[in-house]
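In what follows, a single structure is set out as structure tokens and then discussed.
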Amino acid sequence: MTRNDIDVIVVGGGVVGNCVAGFLAEAGKGVMLIDEGKGGGSTANAGSLHVQMQSRFMQLYPQNVPGMQRQLPLYPKAVRFWQALEKKLGADFEIKKNGGLMVAETEEQLAFLHTKAAQERLLGLEVDILDRADLDRMAPYLGPAVIGAEICFDEGKLNPLQCNAAIHRWLISLGVVLREGEAVKTLKREASGFRVETARGAVFRSGMLVLATAAGTAPLAGQLGIHIPARAEPLHMNITEATAPMIGHLVQHADRMITLKQFATGQIVIGGGWPADIVGDRNHPTVRLDSLIANATLARHIAPQIAPLRIIRTWAGVNTSVDGKGVLGPVSSVEGLHFAIPGDAGYTLGPLSADMVANMVLGRDPGEDMTDYTPMRFA
């Protein structure tokens with residue numbers, strides 16, 4: 001492919017940008033993918049397939065709850081899309097849809113889960129409330145402090161390292177031009193499309209541009225006169241040494257920041273939103289000791305059997321938050337410009353969001369009413 005063969009430039013090489021590029025290339029478009037190569041959301045994801053509304057986001061961003069509720073029906077669809085993508089690529093994503101538990105330690109927390117579950121049922125989710133006897137049968141690894149839980153049957157987990165590698169191989173097989181480790185410096189709208197200059201001084205042009213740049217969207221969109229209030233939220237994660245199968249569900253908490261899941265390797269990933277820092281010239285997400293200690297202590301409290309396990313690695317990633325909903329689709333004021341930013345729990349929504357945006361780029365039906373996700377709502 002030469003520079004004259006580029007129909008679409010996709011900026012951002014996370015799971016969303018990669019999938020947008022792949023779907024467009026499958027449709028016969030000449031695609032270039034430009035990615036700065038900095039650790040972000042997809043490369044640091046802990047592998048949760050979220051479906052139910054996360055109490056953490058509801059507490060941190062109560063103003064976003066209506067947006068979360070509006071987008072909620074996309075989450076079970078997104079999990080099914082992951083399963084279909086795994087089959088399509090002939091890969092093993094280690095997807096396990098064993099259900100997700102959001103646990104409660106107090107009657108107040110349990111009452112919150114009852115209210116939340118009632119709302120989610122109205123929006124089409126398959127959820128139920130479990131008492132301690134149910135949990136003793138289903139999840140005996142939970143400690144005595146847990147008195148009940150909400151179960152969402154569509155939730156699960158996958159291995160993001162496996163997923164990212166398989167998707168990358170797919171892009172190569174499709175002939176997508178990859179400019180990796182190369183940040184975009186300037187974007188300009190021209191009569192024939194877009195001019196993209198990278199930090200290395202390379203200049204590329206295309207008729208269409210897709211920004212799948214997550215928390216880095218605001219400054220790039222601003223160069224084209226578009227306001228997208230995407231913000232970075234650096235988060236902390238841990239992983240333990242391998243142990244025998246123990247935790248079969250995606251575990252969360254009704255009131256505290258914790259997620260637990262166990263990979264097929266036996267390692268247990270501990271996440272849930274404890275803060276990290278963004279530091280240095282490259283704005284690199286960096287771990288915090290207080291988050292490591294608090295995250296591991298809470299994990300041991302919720303699942304005491306993991307107490308003897310050693311933490312073998314800790315790292316930080318970046319979640320992107322906007323207003324509880326994705327920013328997906330074209331900008332009416334800038335012909336040829338599309339955004340591809342999923343909502344909260346963006347890795348779960350990633351491939352589905354990419355498919356909808358790719359269809360809009362191609363002039364096809366995205367399969368959903370995209371009115372609520374339009375970038376123009378911030379105009």
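The values are calculated or read from the model by the stated rules, or taken from the named source; none is laboratory data. What you see is a predicted model, and the numbers here were worked out from it, not measured in a lab. Every residue, glycine among them, receives a Cβ derived from its backbone with ideal geometry; neighbour counts consider all protein chains shown.
Residues Ile129, Ile172: which one is of a type in the set (Val, Ile, Thr), in the same structural domain as Met237 (by TED's automatic domain parsing) and surrounded by fewer than 19 Cβ atoms within 10 Å (Cβ to Cβ)? Spell out the reasoning first.
Numbers: Ile172 fails: in the same structural domain as Met237 (by TED's automatic domain parsing).
So the residue among Ile129, Ile172 that is of a type in the set (Val, Ile, Thr), in the same structural domain as Met237 (by TED's automatic domain parsing) and surrounded by fewer than 19 Cβ atoms within 10 Å (Cβ to Cβ) is Ile129.
Where strands (runs of 3 or more DSSP E) sit wholly within the range 310-364, those with at least 1 residues that are under 24 Å from Arg189 (Cα atoms) occupy 327-330, 337-341. The test for being closer than 24 Å to Ala25 by Cα, assigned to a loop (DSSP other than H, G, I, E, B) and assigned by TED's automatic domain parsing to the domain that holds Pro351 does not hold for Glu197.
Can you find, within the range 275-298, the residue that is farthest from Ile258 (Cα to Cα) among those that are outside any strand (DSSP E or B) and at pLDDT below 90? Steps first, answer last, please.
Initial filter on the range 275-298 (outside any strand (DSSP E or B)): 276, 280-283, 287-298.
If we keep only those that are at pLDDT below 90 as well, we get 280-283.
Numbers: Gly280: 27, Asp281: 30, Arg282: 28, Asn283: 25 Å.
Among residues in the range 275-298 that are outside any strand (DSSP E or B) and at pLDDT below 90, the one farthest from Ile258 (Cα to Cα) is Asp281.
One residue stands out among those in the range 192-247 that are without any contact (Cβ under 8 Å) to a residue 24 or more places away in the chain, out of contact with any Asp or Glu (no Cβ under 8 Å at 6 or more places or on another chain) and of a type in the set (Gly, Ala, Ser): the one that is nearest to Gly273 (Cα to Cα), which is Ala218. Note on the range 307-340: residues that are in contact with a Phe, Trp or Tyr (Cβ under 6 Å, 6 or more places away or on another chain) and hydrophobic (A, V, I, L, M, F, W, C) amount to 2. Return yes or no: is Gly272 at positive phi, touching a helix residue (DSSP H, G or I) at 6+ places or on another chain (Cβ under 8 Å) and surrounded by 14 or more Cβ atoms within 10 Å (Cβ to Cβ)? For Gly272, the condition - at positive phi, touching a helix residue (DSSP H, G or I) at 6+ places or on another chain (Cβ under 8 Å) and surrounded by 14 or more Cβ atoms within 10 Å (Cβ to Cβ) - is met. Among the residues of the range 275-284, those identified as surrounded by 14 or more Cβ atoms within 10 Å (Cβ to Cβ) and of a type outside the set (Gly, Ala, Ser) are Pro275, Asp277, Ile278, Asn283, His284.
Listed here are the residues, each with its yes/no results for (1) buried (at least 24 other Cβ atoms within 10 Å of the Cβ); (2) in contact with a Ser or Thr (Cβ under 7 Å, 6 or more places away or on another chain); (3) under 20 Å from Trp82 (Cβ atoms); (4) modelled with pLDDT of 95 or more.
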position: Ile306; (1), (2), (3), (4): no, yes, no, yes
position: Ser321; (1), (2), (3), (4): no, no, no, no
position: Ala340; (1), (2), (3), (4): yes, yes, yes, yes
position: Ser353; (1), (2), (3), (4): yes, no, yes, yes
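The set of residues from the range 153-178 being charged (D, E, K, R) and not in a helix (DSSP H, G or I) comprises Asp154, Glu155, Lys157. Identify, please: which residue in the range 131-175 is in contact with a Gly (Cβ under 6 Å, 6 or more places away or on another chain) and of a type in the set (Asp, Glu) and is, among those, modelled with the highest pLDDT? Among those residues, the one meeting the criterion is Asp131.
Select, from Asp372, Asp344, Asp365, the only residue that is in the same structural domain as Leu187 (by TED's automatic domain parsing) and crowded, with 24+ Cβ neighbours inside 10 Å.
Working: Asp372 fails: crowded, with 24+ Cβ neighbours inside 10 Å; Asp365 fails: crowded, with 24+ Cβ neighbours inside 10 Å.
Criteria check complete, one pass: Asp344.
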